[in-house]
Structures are given as structure tokens and as C-alpha cells.
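The values are calculated or read from the model by the stated rules, or taken from the named source; none is laboratory data. This structure is a prediction, so every number in the text was calculated from the model and none was measured. Cβ sites come from the backbone with ideal geometry, for glycine too, and all protein chains shown count toward neighbours. For accessibility, only protein heavy atoms count, side chains too; no ligands or nucleic acids. Shrake-Rupley method; radii C 1.70, N 1.55, O 1.52, S 1.80 Å.
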Amino acid sequence: QTGDGRIRDEGYEEPEGESTLSLLMQVMLPFLVAGLGMVGAGLVLDMVQHWDVFLEITELFIMVPALLGLKGNLEMTLASRLSTHANMGHLDKSEDCISMIVGNLALIQCQAIVVGFLASVAAMVMGWIPEGEFNFMHAVLICAGALVTASFASFILGVIMVAVIMVARKCRINPDNVATPIAASLGDLTTLGLLSWIASLLFDAKGTDVWLAPVIIASYLCSLPLWIWLASRNKHTKEVLYSGWTPVISAMMISSLGGVILDYTVATYKGIAVYQPVFNGVGGNLVAVQASRISTALHLETPLGRLPRYAEKYCENPGTVFCKSRGHARTARVLLLLVIPGHLVFAYTISYLKAGHTSLTPIFVIVYLCAAMIQVVLLLYMSVVMVHWMWSVCIDPDNSAIPYLTAFGDLLGTGLLAIAFHLLYLVGDKDSDLGD
């Protein structure tokens, strides 16, 4: 029995949860909306890769996965935390609800500024080590663009996440099923659009208003203590403020490695740009739903540090993870069912809009879908192992699991997509001039 009077079920069987049809209906619509948002992000990336600022400052490509990964680091983590609180009834009192919302918005501003700054530093280091030269103007432009993008995108998406979870709670829909996909739907498009716009403005102003980028950097760094103070005074975010940096920063570094792959491959295969946000986004979107649901189930069943009996072996064999008749295995199968139809819808939408540089030949579709299935299967298995392991060592997976999972999704996705395009090139299905 817990402190608030609930009886925890530490039985041998996983909880049944929603029916398969109910789960599919709740996840499918947000997933499709999220995918269309990622298609929009892909169209933006396909267009801006030809802009002068991206052609001259190629390190911006390294930052793209890291900044897009912010939705996994911050907004999806926020959605997972608030979904757990909603399912446990902690958002039903208006006073607790307002305190939790204000504290979390201050927390993600603090995290966004730090992660944006570190992502820009990582992009500079990874981009300039091979070249052996340092350009100060490029450095301040990258840093200022990353800070503005991270801060604005995190605030906009944070407010939307709060609204979505409150509405889902009122409509008796499980927020775990809808909040993280909606964060993904708007996250990529908002972040890429802001980064491209801000970087272009700063690039155009570098000859006349050289002071602009340094002033932006100084202003954000000076505002950081205020956000730290606000988050540290809130009982709902104080612990996360001190303990939540390792997953956020580690995830940013993992995503940046994916950015290095993107930086190299986009120069060879122009067609990869339009598919990169969609490919990575689908995997991150689906694994975030699974991780959020597992985390909520653990919060409802057992105290932190003690696994329920059905999950005592958190390193399950893949057959158990995907083939059991109930619980999280059933959720994994439902999520896998969405991969191929979802990718087909998104890929043919891109083709219909005549975007990108690659025609949808049968061999392209087969290789692309195989790579997508490999990515999602690996991520869903990793989510089960990682969430249960974190719970067993007293780490709250609501704060730590999704950043790692979406970052590995970015790295796996970009690598698998690069391999897919290279295989297609080797077998003769070369890039066409579609969309040029």
C-alpha cells in the first residue's frame, strides 16, 4: 500500500490496459498527424539545404539531429512526466496543476538553453576538427541560432503539451497514447523552421550588424540563472533540475553523432535530406509511446527500485518482448503494425508533392521499409530493457528513458538511412533529379 492509499499490484501478469482496438485508435490519429508534421520538416530541410547559410556553414547539418532531438530530450520527457501525473490523479487539483506546469516550463527553458549551447559547441568541434580551421563569425552564428531555436521551440511545444494532456484527461483518453506523438508532430517542423529562419537572418546580418549574434548569446546566458532559480524553488521540478542533466546531455551528444553522418551523407545523396526527419521521427515517436506507457505502469504498480514479478528479468529475449499475449508486448505489436503503412503514407506524400531528389521505385520502397522496420524493432526492444533497468536502479524513466531512446533512434535512423541510400546506389537505383 502506498502513502496515498492506493494498493499496488505486484502480480505475475502484466496489466491488461486498453483493448487492442482502443489502443490502435488512440495512437493512430496522433501518429499520422505527427508523421505529416515530420513530412513538413523534411520538406523544409530539403529546401534549406540549398540556402547560402547551409552551403557555407555546413556545421548546421550536424546540429539538426541534436536540435530535433530536443523534443525527445525535453518535450517528450515533459509529456511523459505529466502523463504519469495525470494518470495518477495529481493534476486534478488546480493548485497542484498550476504549480507543476509553471515549474516544468521553467525547467525546460533552463534545459533548452544549456542543451542548445552545448549542441552548438559539439557541432563546431565535430565540424572543424577535420578541416583544421576556426571561424569566429560562424561560431557565434551557430551558437546564437541554436539558443534562439531551442528556447522558442521548447516554450511553444511545452505550452502545447500541457494543453494536450489537460484536454486528454478531460476526454478520458490516456495521455500516454497521444501526448508524445503530438509533441513529435510539431517538434520537428517548428524546430527546423526556426533554425533555418534565425540562421538565415543572422547570416544576412553578419556584414552589417556583427553585434547581433553576440548580444543574443549573452542575453540567453544571463537569463539562465533566473530559470534555474524558478525550477529549483518548485517541489515538482527541483529533483529533476539536479538529476536530469545526464540523460539530456548524453542524448544530445548521441544525436550529434547522427548529425555527423547526416553532414557527410547529404553531400553525396541529396535525396536523404527530405526523408531524414520522417525516418527518425517515426521511430522516436513510436518508442516514446511504449516507454511512456511502461513507465506509467511501473509507477502505478510498484515502488521505485522494485520491479513487478512479471518483469524481474528486465533483459527479456525478443520473442517475449513481442509475442506475449498481453501487456507491453501487445502494445509493441500494435506499434509495429503502424510502421509500414505510416511510412508508405509519408513517402508517397513526399513523392506527390514532388519534393526531394529520389523517385519511389519498388526497390527503393523495399529497402527503405526494411531499414525502418529494423530501426523500430531495435528501439522497441531497447525501450523494454532500458525502462525496467532504470526502474530497478531507482532512476525515474519518465525523466531519463525517452531522451536516450530518441537519441539512439536518431543515430540508428540516420545510419540505416545512409546505408539504405548507399545500397540503392550500388544496385543502380541512383538519385534522380526529381524536385530540383
For residue 306 paired with residue 340, estimate the spin-label separation in nm (one decimal), with each label point 7 Å from Cα along the Cα-to-Cβ line.
4.4
Calculated from the structure, Rg and Dmax of the Cα atoms in Å equals which of (i) 21.3, 68; (ii) 31.0, 112; (iii) 29.6, 112?
(i)
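Working out 0.36 nm times the residue gap between residue 369 and residue 36, then minus their Cα-Cα distance, what length gain in nm do you get to one decimal?
118.1 nm
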Solvent-accessible area of residue 93 with every protein chain in place, 1.4 Å probe, in Å² to the nearest 10:
140
For the pair residue 354 and residue 389, the simple spin-label estimate (label points 7 Å beyond Cα toward Cβ) gives in nm 4.9
Distance cut-off 23 Å, Cα to Cα: go down the list 93/235; 270/354; 170/238 and report the pairs above it.
170/238
Residues of the range 360-400 with amide N under 11 Å of the 7 Å Cα→Cβ point at residue 90:
398-399
Where only alpha carbons of the range 338-378 are counted, the Rg and the Dmax (Å)
10.5, 31
³J(HN,Hα) computed for each position of the range 82-97 - Karplus, 6.51 cos²θ - 1.76 cosθ + 1.60, integer Hz, glycine/proline x
5, 5, 4, 4, 5, 5, 8, x, 7, 9, 6, 8, 4, 5, 5, 4
Rg and Dmax [Cα atoms of the range 102-151; Å; Rg one decimal, Dmax integer]:
12.9, 45
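Tell me what the chain gives for mean residue ellipticity at 222 nm when only DSSP H runs of n ≥ 4 count, each as -39,500 (n - 2.57), the sum divided by the residue total, rounded to 500 deg cm²/dmol.
Calculated at 222 nm, the ellipticity per residue is -26000 deg cm²/dmol.
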Need one value: the accessible area of residue 229 in square angstrom, 1.4 angstrom probe, rounded to the nearest 10.
130
FRET efficiency (residue 172, residue 99; Cβ distance; R0 30 Å; to 0.05) is 0.80
